[in-house]
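Accompanying notes for the structure given below.
Only the coordinates and a few stated rules stand behind these numbers; no lab work does. Source: prediction; values computed, not measured. Positions of Cβ are backbone-derived with ideal geometry, glycine not excepted, and every protein chain shown enters the neighbour counts.
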Amino acid sequence: MMTSMKFLLITPPLTQLNTPYPATAVLKGWLQAQGYEAVQADLGIETVDRLFTAAWLRAAARGRHREYMLAAAEVVEPVMRFLRGEDATVAWRIVNGSLLPEGPRFDNVEDMEWAFGTAGVADRARYLATLFLEDVADSIREEVDGHFGLVNYAEHLATYAPTFDELSAALQRQPSEVDALMLDLLEGYMERERPEVVCLSVPFPGCLYGALRCGQWLRREWPGVKVCIGGGFVNTEWRQLHDERLFDYCHFITLDDGELPLQRIAEWLQDRCTERELVRTMWRRDDGTVVWQRLNEEAVVENGEPDFGGLPLDKYLSTADMTNAMHRMWSDGRWNKVMMAHGCYWHRCAFCDTTLDYIGRFAPPKAAKVVDMMERVMAQTGVSGFHFVDEALPPKLLREVCEEIVKRGLMVTFWGNIRFEKAYTAEMCDLLSQAGCVAVSGGLEVASDRLLKLMDKGVTIEQTVQACRHFRDAGIMVHTYLMYGFPTETLQETLGALDTVRRMFDEGIVQSAFWHRYAMTCHSPSGQHPERYGARRCSVAPNPFCNNEVDWEPLHGGEQFDYDIDEVGRGLRVATYNYMNGLGLDQPVRSWFPGLRVKKNKNHKSNRSHE
Ligand code: SF4
């Protein structure tokens, strides 16, 4: 069946520089399979590609940063060619110090030999070129557009925003020069493609402003075109949305996987289904009434197979903002981002959005289907590296996929998120390595057995350490996600957690780590039943705009913690940054928190008693 409707699927600025975010590719694959035409655009990488040019930087040079921007304009194009992988020889000029104007971020670059040794010219150059891009981005932010960041745009306006007011005010102002550039690119797509429906995918808060700017422009300049907004950010933050002003920027807001909602919207627009058949969609009718949600449990059991066709794959940049090899996996290399299975097979962790579809609905496909998809994506993109963006790869399916890869003799390289399961035996890790797995990331979270049990993580420290040893022995790098500030967590437990992490770095079984501060979200078990975790919510009334993170306090009153949690966060980050660079591993963990004490607050009541 062929229909006449055409979709333009857009990732607005800005997500990441090294590879496309996969949402539009998955939707494109699905819509095409239903007989629709679909094209996609990553306006983020295209905007960056236009900003980091000699002509744009020269025109933008002004104010205190004028001299620096003019100097940057002289060299930016060879640097971009190097980062795109088009001209490796530029690396020699970058490392010998004769090319780049050195902005503030170069102040701390002294002896890089400890990090790269005497070889590794390309790696050194990539690191320095990334510092250069960040310095240029800082200049753009200070002189041209206060919202600009290298991998996000106006993120602060969308993060923890209880009302739409601030974002709305920013959108009422004249478009900035960066906005204008983005809209110019959008205009080009609209003229060339002439779609009936434009879908704006918002995976992160750092692309919401860009999406709304595009929606605002489309509604004004292309009034016959329907605009949809959806994506990961929308799925978590807008479930209780109640601000009609959003519909000045779009016609439809979709929740959870976009395949079925978009398909139904298209059918409705073509009078092929009734309004009642719209699913997981909010919209404003022509008479102005708003239908806030068509909550319909209907889900697509099979997700779309990604189609990366049409994306400017040669424009992505391999960057490195740290010398650490594992940390660089996120920004270096054009990995094919794909999903092995929908949802998380565990879906129990107390801090995680387990009540939402993208975590709570686990739907594993057959291994052969996953490997078929990998072969097709490789043929399309010409890249054999895969980043599995599953919340947690299911070990049984992962094993079968590895066996299938080995059986077919496929040469692939891959990495992804796992849980530190007992399933990761020496034999399993060898199989993973043989199939092409080079790195895994997984949560050790609070690194305290008491708290891991309380949060129902389903792993222990011992089990994690054992799994990490097997990964190390198989040559697979490990990144671990860590968490501090969980309800009832004591200072002593946090220091103990850091010491566990220090020992793991020292043993060489973890290569990189990152500490997140615990955030109570309304879609997580701890947000829905905080009393089970020694906490209570300060307010349960929903905001009219974003609703995800909620304020909490200890169950029995008092401050959240009897120590300075911000100070603890700083110490944890500094210590771990040093560990990632192989430094400070013999220092007592207490030394990273000079002056930190447990507060003597008479009103503070410990809530450990609920254990
Ligand atoms: S934190 Fe990870 S393992 Fe736990 S439920 Fe969420 S996705 Fe699954």
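Calculate how many DSSP beta bridges within the chain are antiparallel, expressed in % of all such bridges and rounded to the nearest 5.
Working: 11 of 52 bridges.
Here the share of antiparallel DSSP bridges comes out near 20 percent.
Can you work out the FRET efficiency for the pair residue 163 and residue 570, with r the C-beta to C-beta distance and R0 = 30 Å, to the nearest 0.05?
On the way: r = 30 Å, r/R0 = 1.00.
Given R0 = 30 Å and the Cβ-Cβ separation, E is 0.50.
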Original post:
How would you rank 211-217, 334-340, 384-390, highest first, on the average number of other Cβ atoms within 10 Å across their residues?
Top reply: 211-217, 334-340, 384-390
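Looking at the calculated P(r) for segment 36-92, what percent of the C-alpha pair distances fall above 17 Å? Can you show the working numbers first?
Values: 810 of 1596 pairs.
Above the 17 Å cut-off, segment 36-92 has 51 percent of its Cα pairs.
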Original post:
Looking at 80, 470, 387, which one has the Cα that reaches farthest to the positive end of the dipole of the chain (charges on Cβ: Lys, Arg +1; Asp, Glu -1)?
Top reply: 470
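Using helices alone, what [θ] at 222 nm do you get for the chain, with -39,500 (n - 2.57) per DSSP H run of 4 or more residues, divided over all residues and rounded to the nearest 500? Walk me through the numbers before you get to the answer.
Working: 22 runs with 237 residues, N = 611.
Taken over the chain, the calculation gives -11500 deg cm²/dmol.
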Original post:
Based on the mean of other beta carbon atoms within 10 Å per residue, what is the order of 401-411, 252-262, most packed first?
Top reply: 252-262, 401-411
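Beyond 47 Å, what percent of the Cα pairs of the chain remain?
On the way: 25368 of 186355 pairs.
For the chain, the fraction of Cα-Cα distances above 47 Å is 14 percent.
What number does segment 441-532 give for Rg over Rh if you use C-alpha atoms and the Kirkwood radius? Each step should come with its number before you reach the end.
Numbers: Rg = 13.6 Å, Rh = 13.7 Å.
Value, to two decimals: 0.99.
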Subject >> Per-pair calculated FRET efficiency, R0 = 60 Å: residue 556 and residue 372 via Cβ, rounded to 0.05 >> reply: 0.60
**OP:** Mind listing the long-range amide H neighbours of residue 14? Cut-off is under 5 Å, sequence gap 5 or more, other chains count too, H placed in the peptide plane at 1.01 Å from N.
**Re:** 153, 207
Original post:
Just how far, in whole angstrom, is segment 312-340 from segment 536-571 if you go by their alpha carbon centroids?
Top reply: 34 Å
Original post:
Normalised by the number of residues in the chain, what is the relative contact order in percent for Cα pairs under 8 Å and 6+ residues apart?
Top reply: 13 percent
Subject >> Sequence-separation-based contact order of segment 156-247, relative, with Cα cut under 8 Å and 6+ spacing, percent >> reply: 32 percent
Original post:
Which whole-Hz ³J(HN,Hα) couplings does segment 383-390 yield from phi under the Karplus relation 6.51 cos²θ - 1.76 cosθ + 1.60, θ = phi - 60°, glycine and proline marked x?
Top reply: 10, 9, x, 10, 10, 7, 9, 4
**OP:** With label points built 7 Å along Cα→Cβ from the Cα atoms of residue 357 and residue 410, find their separation and express it in nm.
**Re:** 2.7 nm
